[in-house]
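Presented below is the structure to which this report refers.
Bear in mind that the values in this text are calculations on the coordinates, not laboratory data. Nothing here was measured: the structure is a model prediction, and the numbers come from that model. As a convention, Cβ positions derive from the backbone with ideal geometry for all residues, glycine included, and neighbour counts pool all protein chains shown.
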Protein chains: 2
Amino acid sequence: MDERIRRHAKILVDHCTDVQEGDMVVVSASVESRDLVTAVYEELAKIGAHPITKFRNSEASRVFYDNLDEEHVTEVTHSKAMWEETDVAISIRGSSNTKTMNSVDPEIRNKHSKANEETRELRLDCRWVLTQHPTSGQAQQAEMSEMEYEDFVYDAILEDWEDRKEYQSQMVDILEDGTEVQIESGDDTDLRMSIDGMNPENDYGENNMPGGEVFTAPVKDSVNGTVLFDKPLLAHGREVNDVYLEFEDGEVVDYSASQNEEVIKSVLETDDGASYLGELGIGMNRNINRFTYNMLFDEKMGDTVHLALGRAYDRNVGEDREQNQSAIHMDMIIDMSEDSRILVDDELVQEDGEFVFE
Amino acid sequence: MDERIRRHAKILVDHCTDVQEGDMVVVSASVESRDLVTAVYEELAKIGAHPITKFRNSEASRVFYDNLDEEHVTEVTHSKAMWEETDVAISIRGSSNTKTMNSVDPEIRNKHSKANEETRELRLDCRWVLTQHPTSGQAQQAEMSEMEYEDFVYDAILEDWEDRKEYQSQMVDILEDGTEVQIESGDDTDLRMSIDGMNPENDYGENNMPGGEVFTAPVKDSVNGTVLFDKPLLAHGREVNDVYLEFEDGEVVDYSASQNEEVIKSVLETDDGASYLGELGIGMNRNINRFTYNMLFDEKMGDTVHLALGRAYDRNVGEDREQNQSAIHMDMIIDMSEDSRILVDDELVQEDGEFVFE
C-alpha cells in the first residue's frame with residue numbers, strides 16, 4: 001500500500017474528525033476506495049473506535065433510482081436508526097466512472113432526498129468529513145493519468161493543517177473587520193457586496209479534506225455588478241463555460257454562457273433563492289495548482305474566488321441577518337491570478353493572486 | 001452484465017427472502033460482488049424495498065482485529081440499531097482472496113462476536129439468505145478457472161427450487177417416520193444414531209443459496225460406531241484430511257487424521273458439546289457435482305452425507321429432546337457414491353448414491 005494512503009487516513013481520523021475511544025463511525029466508500037478504507041480501519045482500531053462501511057455503488061444507485069416508482073419513495077428507517085447512533089462520518093469519494101448517475105431523473109433523487117432529510121441532518125450532526133481517494137474516474141475527469149492524479153491529490157491533502165489555519169486566519173481577520181468586498185478581474189468582472197454582520201469561516205480541512213478556503217455569506221440584497229466565471233462549471237452532468245451574471249440589489253438580472261446556457265437558466269429557476277448569492281469564498285490552497293472539475297478541490301485552489309448561487313451556510317449568517325434559502329448551492333469560480341484584485345473597504349487585499357499579507 | 005447475475009438476484013429477492021414493498025434490506029457484500037449487488041438493487045427497486053449495503057472488506061477487517069486492543073471490544077451500537085429496523089438480510093460471499101483473515105487471532109474475533117451476540121440474533125430474526133457470487137478467490141480455492149467456476153456456481157443456483165422442494169420432501173418423509181439411521185461406507189464407516197423425536201428440515205434454498213440438503217439432529221447420546229470423512233475439511237484456515245472419529249454413546253472417544261490432526265484435537269477441546277454431533281445432513285443436490293472447499297456448496301453435494309460436531313440447530317431439536325450446545329458447528333463430509341449405504345430402521349434408503357425413491 002502507498003504509504004500516503006496511511007497518512008491520509010491518519011489526517012481523516014485525527015485532524016478532521018478527532019475520533020475518540022468508543023466512537024461509532026460510519027465510513028461511506030466505493031469499491032475503488034477500499035485501500036483508504038482499510039487504512040482508516042487501522043487507525044480506528046488503534047484508538048478503539050468501531051466502524052461500519054456503507055458501500056457506495058453508483059451503478060447500483062442508478063438502477064435503483066431508474067426502477068423505483070415515485071410512490072415507493074420513503075424514509076429509509078434502518079439507515080436512519082444507524083445514523084442516530086453514529087458519532088463520526090467519514091465519506092470517501094473515488095470511483096472509476098464519474099458519469100454513472102448522469103441519466104438518473106433528478107426528480108426521483110430530490111424526492112428521495114426530501115424523504116430522508118432527517119437522516120441527512122443526523123449525519124451533519126456527527127463530526128464529519130468529505131474527502132477524495134485518487135481513482136481512475138476522477139483522474140480522467142481531471143484530464144490526468146492515475147499516477148499524476150495521485151500526486152495531485154496527496155500534494156493537496158498531506159500538509160500541515162495547523163500551519164494552514166494560521167496562514168488563512170489573516171484573511172479571516174480582514175473579512176471580520178471589513179464590511180464591503182469588491183472583486184475585479186479582467187474587463188468583465190466588477191462586483192461589490194456587503195459582508196457586514198456575516199461570519200467568515202476558516203476552512204483548514206475539517207469537513208472538507210483538502211480544505212483551504214476562507215468563506216462567508218454576502219448580505220442578500222447587497223450584491224451589485226457583473227462577474228465572468230472563467231473556470232468551467234459542471235452542473236446537471238454538463239459543462240457550462242464562461243458563465244456571466246449581472247446582479248442588481250442581490251438578484252441576478254441577466255445571464256449568459258458560451259455553452260449550455262440553458263443549464264444556467266434552469267438553475268436560476270429552481271426557486272427564489274437561486275437567483276441570489278449564498279457564498280463568497282476565497283481559495284487559498286496553492287497546493288491545488290490546477291483545475292480538475294472537482295469542486296472539493298477547485299474551490300480551494302490558490303488565486304481563485306468562488307461565488308455560490310443559492311443557500312447560504314448557517315454558520316456564515318449573522319444573527320440578525322437574512323439567510324438566503326434555496327434547494328441549490330452552486331459554486332462557480334473566477335481565476336484571480338492575472339489582472340485581478342480583491343478589495344475590502346476599498347483597500348487592496350489581493351492583486352493578481354498575491355495577498356497583501358504575503 | 002452476465003444475464004445469470006440478474007437471475008441469481010431475482011431468486012435471492014423472490015424465492016429466498018420474499019421481499020415485500022416497504023421492506024428495509026441490508027445487503028452485505030464485498031467489492032468483488034458489486035455486480036450482484038447492482039442486480040439485487042434493481043429487483044428491490046421494482047418491489048419498492050429499500051436497501052443499504054454493508055461493505056465486507058476482509059483486509060480492513062484483518063487490520064482492524066490486528067490493531068484492536070481487547071479492552072476496546074464492545075457492542076457496535078450503530079450497527080445494532082440498523083439491524084433493529086431491518087426486515088431482510090442478503091449476505092453475499094465472494095472475494096479475491098479467501099485467506100486474508102487467516103492470521104487473525106481467533107480470540108479477539110470470538111470476543112467481538114460474543115459482545116455482538118444480540119446483533120447476530122437480530123440478523124437471524126430477519127428473513128435472511130447467505131449466497132455466493134463467483135469470484136477469483138473462491139475459484140482458486142475450488143481449483144478452477146474463473147469462467148469454469150461461474151458455470152459451476154450458476155448450475156447450482158439457477159434451478160427450479162419448488163421442484164427441488166418436492167424431490168427432497170421424499171427424504172424428509174423417511175426421516176420423519178424413522179427412528180434409527182445407519183451410515184455405512186467402505187471399510188471404515190459404520191455409524192448408527194437415533195433421530196427419534198427430532199425434526200428433519202428440507203433445505204430448498206431459503207437461508208442458503210444454493211440449498212439442496214435434508215438435515216436433522218441426532219439424539220445426543222445415541223451415536224455409536226466409526227466414521228471416515230473422505231472429503232477434506234478446512235478448519236482454522238488449514239486443510240485436514242481423512243478425519244476418522246469413533247463414537248460411544250454420542251461422544252467422540254477416539255480420533256485421527258492423515259494431516260493436521262492437531263486441528264481436530266483443538267476442535268474437540270473447544271467445549272463439552274464439541275465432542276458430540278449436532279447435525280446429520282444428506283446432500284441431495286446433484287447440480288453440485290464436485291468438491292470446492294466451500295461448505296455452502298460442499299454440504300449440499302449429491303451423493304454425500306455430512307455430520308457436524310457441535311451445536312444442533314434449534315429447528316431440528318424436538319421439544320422434549322436435549323439440544324447439543326457448543327460454540328462450534330463443524331461440518332465434515334462423507335462420499336456416499338461408492339460402496340455406501342444409508343439405512344433407516346434397517347431399511348435401505350440409499351445405495352451408492354442412488355435413493356430408493358428414484
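General remarks:
- Across the identical copies, how the A:Asp271 labels are spaced - nm, sorted shortest first, 7 Å along Cα→Cβ: 5.6
- Gyration tensor over alpha-carbon atoms, the protein assembly as shown, equivalent ellipsoid semi-axes in Å: 62, 25, 21
- Counting beta carbons within 10 Å around each of A:Met24, B:Met336, A:Met82 and listing the fewest first gives the order A:Met24, B:Met336, A:Met82.
- Those aspartates and glutamates that a straight Cα-Cα span of less than 17 Å connects to A:Lys80, excepting residues fewer than 8 apart in one chain: A:Glu117, A:Glu118, A:Glu121, A:Asp125, B:Asp23, B:Glu84, B:Glu85, B:Asp87
- Around the amide H of B:Val317, modelled in the peptide plane, lie the amide H atoms of B:Asn199, all under 5 Å away and 5 or more residues distant in sequence or on another chain.
- DSSP assigns beta bridges within chain A; of those with both partners inside it, close to 75 percent run antiparallel.
- Using the Cβ-Cβ distance between B:Glu248 and B:Asp339 with R0 set to 30 Å, the FRET efficiency works out to roughly 0.75.
- The residues neighbouring A:Thr100, those whose beta-carbon lies less than 10 Å from its own, together hold a net charge of +1 under the Lys/Arg +1, Asp/Glu -1 convention.
- Highest-MSF residue in chain A out of A:Val63, A:Val88, A:Val227 [GNM, Cα springs under 10 Å]: A:Val63
- Within straight-line cross-link reach of B:Lys300, lysines at Cα separation under 17 Å, skipping those fewer than 8 residues along the same chain: B:Lys165, B:Lys231
- Cβ-placed point charges (K, R +1; D, E -1), dipole of region B:3-158 about Cα centre in debye, nearest 20: 140 debye
- Anchor A:Lys265: aspartates and glutamates whose Cα lies under 13 Å away (excluding residues fewer than 8 positions away in-chain): A:Asp254
- Within a Gaussian network of chain B (alpha carbon springs, distance under 10 Å), most fluctuating of B:His50, B:His72, B:His236: B:His72
- Per-residue ellipticity at 222 nm from helix content only, as computed over chain A with -39500 (n - 2.57) for each DSSP H run of at least four residues, stands at -8500 deg cm²/dmol.
- Nearest-first distances (nm) between copies at B:Ser113, label 7 Å from Cα via Cβ: 4.4
- For the protein assembly as shown, a crude dipole built from +1 on the beta carbon of Lys and Arg and -1 on the beta carbon of Asp and Glu, taken about the Cα centre, is about 300 debye to the nearest 20.
- If both residues of a DSSP beta bridge must be in the protein assembly as shown, then about 75% of such bridges are antiparallel.
- Stokes-Einstein diffusion for chain B, with the hydrodynamic radius set to the Kirkwood value over Cα pairs and evaluated at 37 °C in a medium of 0.692 mPa s, equals 154 µm²/s.
- Residues with amide H under 5 Å from that of B:Ile195, placed H, sequence gap 5 or more: B:Glu180, B:Val181, B:Val219
- Of B:Asp221, A:Asp125, the sequence from fewest to most neighbouring Cβ atoms within 10 angstrom is A:Asp125, B:Asp221.
- Calculated label separations, A:Met1, copies of the chain, 7 Å along the beta-carbon direction, nm: 3.0
- This model, with +1 at the C-beta of Lys and Arg and -1 at the C-beta of Asp and Glu, gives chain A a dipole about its Cα centre of some 1880 debye.
- Least to most buried among B:Lys300, B:Lys265 (fewest other Cβ within 10 Å first): B:Lys265, B:Lys300
- Theoretical gain in end-to-end length, A:Ser145 to A:Glu71 [0.36 nm per residue, Cα-Cα removed]: 22.3 nm
- For B:Gln259, the residues whose amide H sits under 5 Å from its own are B:Asn241, ignoring neighbours fewer than 5 places away on the same chain, with H placed 1.01 Å from N.
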